[in-house]
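Just so it is clear, none of the values below were taken in a lab; they were calculated from the coordinates. Predicted model only: the values in this text are computed from it and were never measured. A quick note on method: Cβ atoms are made from the backbone with ideal geometry, for glycine too, and the neighbour counts reach across all protein chains shown.
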Amino acid sequence: MRIQRILLFILLASLACSCAQARTSLPYADRGIGGKTALTLGSVACSAIYTPVKAAYAVGGTLTGGLVFLMSAGQSSTAAGRVMARSTGGDWFVHPDHLTGNRELEFRATSTTATSTY
């Protein structure tokens, strides 16, 4: 029964995301209260699935970057920093503008936004 509820939630969340994206490309800020409410609910539903997956990816990237640093005895600190920055960068939640198509959802940071500060 629990698995059925989880699958139902995933199905409803994916439908909300696809329905919200299939409508118009009017930005979130220009919508009325009803449109903003629907997009916000869709955003929360999508983020409930997206954010834990993003967190797991970020933890994996951080551990990988740490291993790169340790295995190279600190010689590849720039590479380790890039791995960590790319895995922890990007969007951490689904914004309503992602659902309207006015903003791209960036799962990991691109090489231009992932500047290493390590």
Checklist outcome for this item: For GLY90, the residues 5 or more places away or on another chain with a placed amide H closer than 5 Å to its own amide H are ALA109
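Excluding ARG103 itself, what net charge comes from residues whose Cβ is under 10 Å from its Cβ, given Lys and Arg +1 and Asp and Glu -1? Kindly include the intermediate steps, with their values, before the conclusion.
On the way: positive: none; negative: ASP91, ASP97, GLU104, GLU106.
So the environment of ARG103 carries a net charge of -4.
Full-extension gain between LEU63 and GLU106, please, as 0.36 nm times their residue separation minus the C-alpha to C-alpha distance.
Details: separation 43, 0.36 × 43 = 15.48 nm, distance 2.08 nm.
In short, 13.4 nm is gained.
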